[in-house]
Amino acid sequence: MLIFNTTFVVSDRAYGPWLKWVREQHIPFMLEWDGFSKPQLAKVFSQDNQDGTSYSVQFHVDNLETLENWHIQHARSFEQKFAEKFGNEVIFFATILEIIE
């Protein structure tokens, strides 16, 4: 079992629209894809001096193949639409975690 984690750094101005997008569009879209489950949204506490606040959106993923297939089919479109919607007000990066215990 894997966790697909996306960390978003959200400007104060973009927080409301971004949160609405996560709840109403992003999480439902990801859950439509077989193999993604258990969404979680968390605020990231950081000592770094950064503009905006970091948030983590996580999904359990059955296996790496499922994640790779999603990436092949949706990643480019996701990045383009996201950039059009939020520009430089929200940036993100993804990590994959393997659940050991």
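FYI, it's all coordinate maths here, none of it is from the lab. Computed from a predicted structure; not experimentally measured. Virtual Cβ from ideal backbone geometry, glycine too; neighbours counted across all protein chains shown.
Kindly establish whether residue 92 is among the aromatic types (Phe, Trp, Tyr) and either in contact with a strand residue (DSSP E or B) (Cβ under 6 Å, 6 or more places away or on another chain) or touching a residue at least 60 places away in the same chain (Cβ under 8 Å) (or both). Spelling it out, residue 92 is indeed among the aromatic types (Phe, Trp, Tyr) and either in contact with a strand residue (DSSP E or B) (Cβ under 6 Å, 6 or more places away or on another chain) or touching a residue at least 60 places away in the same chain (Cβ under 8 Å) (or both). For segment 76-95, the set of residues classified as surrounded by 12 or more Cβ atoms within 10 Å (Cβ to Cβ) and within 13 Å of the chain's Cα centre (by Cα) consists of 78, 82, 90, 91, 92, 94, listed by residue number. Among the residues that make up segment 65-87, is at least one of them part of a strand (DSSP E or B) and touching a residue at least 24 places away in the same chain (Cβ under 8 Å)? Looking through segment 65-87, none of the residues is part of a strand (DSSP E or B) and touching a residue at least 24 places away in the same chain (Cβ under 8 Å). For segment 41-64, filtering for residues that are in contact with a Phe, Trp or Tyr (Cβ under 8 Å, 6 or more places away or on another chain) and part of a helix (DSSP H, G or I) leaves 0. Of all residues in segment 45-75, those being surrounded by 11 or more Cβ atoms within 10 Å (Cβ to Cβ), β-branched (Val, Ile, Thr) and more than 20 Å from residue 11 (Cα to Cα) number 2.
Take the conditions surrounded by 12 or more Cβ atoms within 10 Å (Cβ to Cβ), over 16 Å from residue 97 (Cβ atoms) and in contact (Cβ under 8 Å) with a residue 12 or more places away in the chain and apply them to residue 42. Does it pass? Spell out how you get there, then give the answer.
Numbers: surrounded by 12 or more Cβ atoms within 10 Å (Cβ to Cβ): yes; over 16 Å from residue 97 (Cβ atoms): no; in contact (Cβ under 8 Å) with a residue 12 or more places away in the chain: yes.
Against the criterion (surrounded by 12 or more Cβ atoms within 10 Å (Cβ to Cβ), over 16 Å from residue 97 (Cβ atoms) and in contact (Cβ under 8 Å) with a residue 12 or more places away in the chain), residue 42 does not qualify.
Screening residue 38 against (1) of a type in the set (Lys, Arg); (2) under 22 Å from residue 2 (Cβ atoms); (3) outside any strand (DSSP E or B) leaves a single unmet condition, (3).
Scanning segment 79-101 for residues that are over 20 Å from residue 4 (Cα atoms) and touching a Ser or Thr at 6+ places or on another chain (Cβ under 6 Å) yields a count of 1. Being among the aromatic types (Phe, Trp, Tyr), in a helix (DSSP H, G or I) and within 16 Å of the chain's Cα centre (by Cα) is a description that applies to residue 29.
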